[in-house]
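Trainee: My questions all concern the structure below.
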Amino acid sequence: MLAQLSGFVETCLGLHFPPERLGDLERGVGSAAGEFGFSTIDSCIEWLLATALSRRQIETLASHLTVGETYFFRDRRVFDILETQVLPAIIESRRGRDQHLRIWSAACSSGEEPYSLAILLTRMIPDLKDWIISILATDISPLSLKKADEGIYGEWSFRDTPRWVKEGCFKQRADKFEINPRIKRMVTFSCLNLAEDPYPAIINATNAMDIIFCRNVLIYFSRDRADAVIRNLSRCLVDGGWLVVSPVEVPGTVAPPLLHPVRFPGAVLYRKGAMTEDVIPRPATLPAMAVARPKPAALGGSGKAPGTARPVRPKKKPQVPVTAAGDGGPSPQQARRLADQGRLAEALAVCEAVIPADKLNPALYYLQATILQEMGRTGEAVVVLQRALYIDQEFAIAHFALGHLLQGQGRHREAGKHLAKACSLLQGLGHDEVPPEAEGMSAGRLIELIQAMQGLEGRG
């Protein structure tokens, strides 16, 4: 039965268990059996093979078949490279101009990785409040996301972690440690299935990423599925963006499409559009992660390091990009392309140029809101989504997006109303029907995401 189950799991979840890993499959199903209400592995396997599983049940099974083993600043070599090489270049190129940074921790498990990234940024950017920082953290397991959203950890999550992390960024509560609220607010958690859900997509904010972490998850996929995931992740990156995977996860004989290896001491990262494979030496003058640091500016005080000048903001309003001859002028498609490239100010300018000619088109306001959200202008995005819903009260995706934004603002009652309305509208569609502006995501999948969001809101 295990061999039959292996085929079922690969078809349903994209997870690959060859004969030599059937023991891992058996242990995972044994772990899941109790949650599904079975006392024996065999009875659970029989049920799995005979049942049309819901998406929630599939994700529950996946969470037991993959190992969510992680801790803060896992693989310090990678974080050293980020701190001394990758992030300084991005920060310097945008300082005083377009001060934004977008990072995605795919398969974030219980949240240690995205919180590590947030902590690192508080150490590196003294004027953090003048930046638009987006750290998206996704996982297939609602239970893992619930733990991540709580932000409370035991000693085991700090093994091989620099001492200053726990002392400076957490508050002890009995034998547990709770992450600083300001760091916690830097991370947005969301349910996403790398094998099935669409990305890049504005609807789940997976587009225009500067850095993507996807570690210790591709090993569970078949070769074909892993290649498809890497292709999609590469499309989520802006030109010059970075993909971080585990060394064993990208076969050396096949280069990921659109990505090229950049070899650092002790690690290889992949860069979109970077053709070099030269080793980049680490500057000896920069401190290592293990060195004790002063308290992050973002966690107290003025938020500025001594002598740090306030960044200069662009004085001119971004111009609508000139289109090619015969291109027909600014269009929603052009705005989407610019947004996918990370050229958010230009994308917004195109939206603002298009809307006056079609003021009663709610989809244009939805597009404008998603761009504003990516720019960190959440309050304006909320107003624009309300404008879209004033035009069309049955616009399911606008209700979904507005509920998500309001939830992030702590306006839970209003968020609940919009999420419930979105769910009601989506239930009127076929399970596999794709609503307008959903970017390929089915009504059934959106309903499951709403239920997961409502579960996060109702924690505790």
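Trainee: How many of the residues in the stretch 344-365 are within 14 Å of ILE202 (Cα to Cα) and surrounded by fewer than 20 Cβ atoms within 10 Å (Cβ to Cβ)?
Mentor: Selection size over the stretch 344-365: 1.
Trainee: Let me ask something else. Here is a list of conditions, (1) touching a strand residue (DSSP E or B) at 6+ places or on another chain (Cβ under 9 Å); (2) closer than 18 Å to PRO142 by Cβ, and ARG377 meets all of them except one; can you say which number that is?
Mentor: Tallying (1) touching a strand residue (DSSP E or B) at 6+ places or on another chain (Cβ under 9 Å); (2) closer than 18 Å to PRO142 by Cβ, ARG377 fails exactly one: (2).
Trainee: What's the total number of residues in the stretch 371-401 that are within 22 Å of SER424 (Cα to Cα) and not aliphatic (A, V, I, L, M)?
Mentor: Count: 9.
Trainee: Out of the residues in the stretch 23-55 that are aliphatic (A, V, I, L, M) and surrounded by 14 or more Cβ atoms within 10 Å (Cβ to Cβ), state the one that is modelled with the lowest pLDDT.
Mentor: Here the residue is LEU53.
Trainee: Considering each of ALA388, ALA401, ALA415, ALA381 in turn, give the residue that is outside the structural domain of MET186 (by TED's automatic domain parsing), crowded, with 19+ Cβ neighbours inside 10 Å and touching a Pro at 6+ places or on another chain (Cβ under 9 Å).
Mentor: ALA388
Trainee: Suppose the filter is hydrophobic (A, V, I, L, M, F, W, C), in contact with a Lys or Arg (Cβ under 8 Å, 6 or more places away or on another chain), surrounded by fewer than 20 Cβ atoms within 10 Å (Cβ to Cβ) and not assigned by TED's automatic domain parsing to the domain that holds GLN373; does ILE152 pass it?
Mentor: For ILE152, the condition - hydrophobic (A, V, I, L, M, F, W, C), in contact with a Lys or Arg (Cβ under 8 Å, 6 or more places away or on another chain), surrounded by fewer than 20 Cβ atoms within 10 Å (Cβ to Cβ) and not assigned by TED's automatic domain parsing to the domain that holds GLN373 - is met.
Trainee: OK, next. Inside the stretch 128-152, can you point out the residues that are farther than 23 Å from ASN193 by Cβ and without any contact (Cβ under 8 Å) to a residue 40 or more places away in the chain?
Mentor: Answer for the stretch 128-152, where residues must be farther than 23 Å from ASN193 by Cβ and without any contact (Cβ under 8 Å) to a residue 40 or more places away in the chain: TRP131, ILE152.
Trainee: Filtering the stretch 217-255 down to residues that are hydroxyl-bearing (Ser, Thr, Tyr) and part of a helix (DSSP H, G or I), which residue is modelled with the highest pLDDT?
Mentor: Selected residue: SER234.
Trainee: Sticking with this structure for a sec: How many residues does the stretch 128-164 contain that are closer than 16 Å to TRP104 by Cα and out of contact with any His (no Cβ under 6 Å at 6 or more places or on another chain)?
Mentor: 11
Trainee: Among the residues of the stretch 214-223, is any more than 24 Å from THR11 (Cα to Cα) and in contact with a strand residue (DSSP E or B) (Cβ under 6 Å, 6 or more places away or on another chain)?
Mentor: Checking the stretch 214-223: not a single residue is more than 24 Å from THR11 (Cα to Cα) and in contact with a strand residue (DSSP E or B) (Cβ under 6 Å, 6 or more places away or on another chain).
Trainee: Out of all the residues in the stretch 340-374, which are farther than 26 Å from ILE133 by Cα, without any contact (Cβ under 8 Å) to a residue 24 or more places away in the chain and assigned to a helix (DSSP H, G or I)?
Mentor: If the condition is that a residue be farther than 26 Å from ILE133 by Cα, without any contact (Cβ under 8 Å) to a residue 24 or more places away in the chain and assigned to a helix (DSSP H, G or I), then ILE355, PRO356, ALA357, ASP358 are the ones that fit.
Residue-wise test of (1) at pLDDT 90 or above; (2) within 24 Å of HIS100 (Cβ to Cβ); (3) assigned to a helix (DSSP H, G or I); (4) not β-branched (Val, Ile, Thr).
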site	(1), (2), (3), (4)
GLY376	no, yes, no, yes
GLU380	yes, yes, yes, yes
TYR390	yes, no, yes, yes
ALA401	yes, yes, yes, yes
GLN407	no, yes, yes, yes
ARG413	yes, no, yes, yes
HIS418	yes, no, yes, yes
LYS421	yes, no, yes, yes
GLU433	yes, no, no, yes
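Trainee: Please enumerate the residues belonging to the stretch 379-424 that are basic (Lys, Arg) and under 11 Å from TYR365 (Cβ atoms).
Mentor: ARG387
Trainee: Assuming PHE158 fulfils every condition listed in (1) of a type in the set (Phe, Trp, Tyr); (2) farther than 30 Å from ILE397 by Cβ; (3) at pLDDT below 90 apart from one, which condition is it?
Mentor: Checking PHE158 against (1) of a type in the set (Phe, Trp, Tyr); (2) farther than 30 Å from ILE397 by Cβ; (3) at pLDDT below 90, the one that fails is (3).
Trainee: Identify, please: which residue in the stretch 181-191 is out of contact with any Phe, Trp or Tyr (no Cβ under 7 Å at 6 or more places or on another chain) and closer than 18 Å to CYS108 by Cβ and is, among those, surrounded by the fewest Cβ atoms within 10 Å (Cβ to Cβ)?
Mentor: The extreme case among them is ARG185.
Trainee: Got at least one residue in the stretch 444-460 being outside any helix (DSSP H, G or I), charged (D, E, K, R), in contact with a helix residue (DSSP H, G or I) (Cβ under 6 Å, 6 or more places away or on another chain) and under 19 Å from VAL187 (Cα atoms)?
Mentor: Taking every residue of the stretch 444-460 in turn, at least one turns out to be outside any helix (DSSP H, G or I), charged (D, E, K, R), in contact with a helix residue (DSSP H, G or I) (Cβ under 6 Å, 6 or more places away or on another chain) and under 19 Å from VAL187 (Cα atoms).
Trainee: Listed residues SER39, SER31; which is outside the structural domain of ASP197 (by TED's automatic domain parsing), among the polar types (S, T, N, Q) and assigned to a helix (DSSP H, G or I)?
Mentor: Testing whether each residue is outside the structural domain of ASP197 (by TED's automatic domain parsing), among the polar types (S, T, N, Q) and assigned to a helix (DSSP H, G or I) leaves just SER31.
Trainee: Across the stretch 106-149, which residue is surrounded by the fewest Cβ atoms within 10 Å (Cβ to Cβ) among those that are hydroxyl-bearing (Ser, Thr, Tyr) and within 17 Å of ILE91 (Cβ to Cβ)?
Mentor: SER134
Trainee: Keeping to the stretch 155-173, report how many residues are of a type in the set (D, E, K, R) and either surrounded by 16 or more Cβ atoms within 10 Å (Cβ to Cβ) or part of a helix (DSSP H, G or I) (or both).
Mentor: The total comes to 4.
Trainee: Filtering the stretch 62-93 down to residues that are of a type in the set (S, T, N, Q) and not in a helix (DSSP H, G or I), which residue is farthest from the chain's Cα centre (by Cα)?
Mentor: In this case the residue turns out to be THR66.
Trainee: Give the stretch 205-236 a look and list any residue that's surrounded by fewer than 20 Cβ atoms within 10 Å (Cβ to Cβ) and among the polar types (S, T, N, Q), or say none.
Mentor: Those that are surrounded by fewer than 20 Cβ atoms within 10 Å (Cβ to Cβ) and among the polar types (S, T, N, Q): SER222, ASN232, SER234.
The values are calculated or read from the model by the stated rules, or taken from the named source; none is laboratory data. The structure presented is a predicted model; accordingly, all values stated were derived computationally and were not measured. Methodologically, a virtual Cβ is constructed for each residue, glycine included, from the backbone with ideal geometry; neighbour enumeration extends over all protein chains shown.
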